[in-house]
Amino acid sequence: MKDAQMRATINQKLVETGERERLKELLRTRLIECGWRDQLKAQCKEIVQNKGLEHITVDDLVAEITPKGRALVPDNVKKELLQRIRTFLAQQSSI
């Protein structure tokens, strides 16, 4: 329970300060730069071709591609984002 409360507090601070949007934009940029977006796009096309457009829904595609997408995020991108969050939290004395 305390963990969930802490996450909610951190998320609230990220939203209030606009840092969440900046982090999302950084993530979006880094994923495009490393080719992650193109890899995922190619995998989506392959899944649709294999199953047939009329036999797959957007929800099915999302359910199938999400684990692959998470696994394909490069470690250096994860580390950079985590470091930015830690720096932000260190600057917030009220959390």
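Structural remarks
- Size estimate for segment 15-69 follows the Kirkwood approach: the inverse of mean 1/r over distinct Cα pairs works out to 12.9 Å.
- Accessible area of the chain belonging to carbon and sulfur atoms, whole % at 1.4 Å probe: 53 percent
- A 1.4 Å probe run over the protein chains yields, for the chain, 78 Å² of accessible area per residue, whole-number rounding.
- Summarising the label geometry, the points placed 7 Å from Cα in the beta-carbon direction at residue 51 and residue 29 lie 3.4 nm from one another.
The values are calculated or read from the model by the stated rules, or taken from the named source; none is laboratory data. The shown structure was predicted, so the numbers you read here are calculated from the model rather than taken from an experiment. We place every Cβ from the backbone using ideal geometry, glycine too, and count neighbours over all the protein chains shown. These area figures cover heavy atoms from the full protein model, side chains too; ligands, DNA and RNA do not enter into them. Shrake-Rupley method; radii C 1.70, N 1.55, O 1.52, S 1.80 Å.
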